[in-house]
Each structure stands twice: as structure tokens, then as C-alpha cells.
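*Asks:* One structure coming up, written as C-alpha cells, with questions to follow.
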Amino acid sequence: MQTIVTTSHKPDPRSVAIGGWAAEILNSEFVDRSRMSLEDLKIKHNAENIIVVANGDMKLYSPRGEYFFHPSMSVPRIKAIKQGKSDHMIAAMDLEPGDSVLDCTLGLGSDAIVASFAAGTEGMVTGIEAVPEIALIVKHGMANYITESQALKSAMARIRVECALYEQYLTGIPDQAFDIVYFDPMFRHPRLKSSSMEPLRGIVKYDPLSRDAVREALRVAQKRVVMKENTFSQEFARLGFSTVIGGRYSPVAFGIIEKQETGL
Ligand SMILES: C[S@@+](CC[C@H](N)C(=O)[O-])C[C@H]1O[C@@H](n2cnc3c(N)ncnc32)[C@H](O)[C@@H]1O
């Protein structure tokens, strides 16, 4: 899969600088847009995906659609938490202010933003994403997203984004480095309605979570390891998540392994 970076037809200097920087990070080509269409640029450079930088923002054009950073469902979820309602993920994590969270599957960043909000100013969230294009757009988006909500802004600012495979990242960190380790792998049986991931389906990493990775996560976690999956997924049993919680009518559920249960 080849990704190139370009700008709008008449780019401002900041977008040109950001485009050059993005191409360098992705180790890809930064190509002159001139008057060319994106389709023509794809053909000319034999590229499957194009990141276009315009007005300082990045948008990825893939064969399946367009993706740009947006806090999406994290906004209503944060609003609900502020109103005193419970959030299934936060409940599954037993997340308290001041906790540290390692989100091993950052994706579009919504869960990490909600976790960061709940962990508060004393807490800390690190998000790991294997796909460089996604890690870059989400990191840039979180740093530059314009919002009047100070809570959202500071929740995003506290998230550290790392582009890495969680399998490798986990092995490099000490025992009990984080309170909670979280996984939201691509579902074994994707929900058809999950449209926000649609443009990224050709580039996201799909590998199932392994028992070895769960073991490593338990070594790194101080409190618990949590995994999100389809409510009736066999993955919970296969990976040893004996407790599963979720809303009665929700298509997704959260598996929990308490560190204490494991004797590690
Ligand atoms: C379902 S999405 C996560 C969505 C995320 N929780 C959110 O709120 O937007 C799963 C993400 O994990 C990434 N991923 C899958 N396997 C990975 C691995 N081994 N290391 C790091 N990231 C991985 C995928 O590329 C994808 O972006």
C-alpha cells in the first residue's frame, strides 16, 4: 500500500510545511499538486492513498472514502459523563481520576479521548497505533482540533500518541507501568453500521489479539486489562476474559481481567 502526500491546488505556506513534515514521517513522497486531480496524481505516482493537507488540516483519501480527524462519539460520551451518566468503557476500566491508561489500539482516538477526560489532569493516556497514516492524522488532529470545549481540548492534549505495534511496545515497558491496559481490536465479525472506520478498512491492522499479548498486558497493568468486542464474541472466552459487561441492548461489550485474579 502506497501513500503519497500533497496539498490543495493553492496551498498556504503552513500547509506546505506540514505536508513536507508528514511525508518525512511517513517516509513517503511529498508531491506537487499543480492543477492535477487526486485521481491523476494517484495514477502518476502509483499510489493507493493520498493525504491532502489544506488549511493546516490533513485528510486521507483512500479507495474506500475520506478520513479526517474528528473527536466523533467522544463528544456525546464526555457530555453524558459530565451529566453523571455512566460510560460502559470507563466502568469496565474502573477508571478513576489520576489513573494511567495504555490504549493499545488507538484507531480514531475516541476511546482514548474519553479515557483521558475521565483520568483527568492528574491522569495519563498513551495511545498505540500500528498504521503510520492513522497515528499521524490522529496525533495532528488532536493537537490542532478547534473546539470551545476546554475539557475536550485538554483531554486530547494529554494523550501521547505512539506509532508502534502493541506487541513490541508492551515488551519494552516495565511491570505495572500503567493502571489499565486497553484493547479494541478490529472485530472478528465487523458491525456493518460502524461507518467511521469504513474509509480506513483497507489500511487498518486486522490481526486478532493473541494470548501472549494479553499476558504481556497483564504484566504491564497494575489494575486490569480490558478488551472491547462484539457482545457475543468468542474472543472473550478464547483470551480468558472471564468477566464481560455491557449494556443490555448494546452490540458491544467489554471483557475484564483483574490483575489480582491472575496472581502475576
Ligand atoms: C477498532 S480500531 C480502534 C478504535 C478506537 N478504540 C477508537 O475509539 O477510535 C482498532 C485499531 O487498532 C489498530 N491495531 C490493530 N492491531 C494493532 C497492533 N498490533 N498494534 C497497534 N495497533 C493495532 C488498527 O490499525 C486500528 O486502527
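*Asks:* Which residue, of I4, I113, is of a type in the set (A, V, I, L, M) and over 20 Å from S154 (Cβ atoms)?
*Replies:* The match here is I4.
*Asks:* Being near the ligand (Cβ under 9 Å from one of its atoms) and under 18 Å from L200 (Cα atoms), is that true of even one residue in segment 139-154?
*Replies:* no
*Asks:* Quick one: which helices (runs of 4 or more DSSP H) sit completely within segment 168-264 and have at least 2 residues that are of a type outside the set (D, E), closer than 21 Å to G127 by Cα and in contact (Cβ under 8 Å) with a residue 40 or more places away in the chain?
*Replies:* Result: 211-220.
*Asks:* Same structure again: Specify which of the listed residues (M197, M156) is surrounded by 15 or more Cβ atoms within 10 Å (Cβ to Cβ), at pLDDT 95 or above and closer than 25 Å to H88 by Cα.
*Replies:* M156
*Asks:* Now a separate question. So, of the residues in segment 200-233 that are more than 14 Å from the ligand (Cβ to nearest atom) and at pLDDT below 95, which turns out to be surrounded by the fewest Cβ atoms within 10 Å (Cβ to Cβ)?
*Replies:* The extreme case among them is F232.
*Asks:* Could you name every one of the strands (runs of 3 or more DSSP E) located completely within segment 1-94 that has at least 2 residues being touching a Gly at 6+ places or on another chain (Cβ under 9 Å) and touching a residue at least 40 places away in the same chain (Cβ under 8 Å)?
*Replies:* Passing ranges, in order: 3-7, 49-54, 57-62.
*Asks:* Are any residues in segment 54-98 aromatic (F, W, Y) and over 15 Å from the mean Cα position of the chain (by Cα), and if so, which ones?
*Replies:* Hit for segment 54-98 is Y61, nothing else.
*Asks:* For segment 123-138, which positions are in a loop (DSSP other than H, G, I, E, B) and more than 9 Å from the ligand (Cβ to nearest atom)?
*Replies:* Result: G123, single match.
*Asks:* Continuing with the same structure: Which residues, taken from segment 163-194, are within 9 Å of the ligand (Cβ to nearest atom) and at pLDDT 95 or above?
*Replies:* Once the filter is applied, which keeps residues that are within 9 Å of the ligand (Cβ to nearest atom) and at pLDDT 95 or above, segment 163-194 yields C163, A164, L165, Y166, E167, Q168, Y169, Y182, F183, D184, P185.
*Asks:* Need the failing condition index for G120 against (1) within 15 Å of the ligand (Cβ to nearest atom); (2) at pLDDT 95 or above, just the number.
*Replies:* (1)
*Asks:* Something else: Listed residues V114, V101; which is at pLDDT 95 or above, part of a helix (DSSP H, G or I) and within 17 Å of the chain's Cα centre (by Cα)?
*Replies:* Step by step, each of V114, V101 is checked, and only V114 is at pLDDT 95 or above, part of a helix (DSSP H, G or I) and within 17 Å of the chain's Cα centre (by Cα).
*Asks:* Same structure again: Just the residues that are out of contact with any helix residue (DSSP H, G or I) (no Cβ under 9 Å at 6 or more places or on another chain) and among the β-branched types (V, I, T), please, taken from segment 35-72.
*Replies:* Of everything in segment 35-72, just one residue is out of contact with any helix residue (DSSP H, G or I) (no Cβ under 9 Å at 6 or more places or on another chain) and among the β-branched types (V, I, T), namely I43.
The values are calculated or read from the model by the stated rules, or taken from the named source; none is laboratory data. Predicted model only: the values in this text are computed from it and were never measured. Quick reminder, even Gly has a Cβ in these numbers, built from the backbone with ideal geometry, and neighbours come from all protein chains shown.
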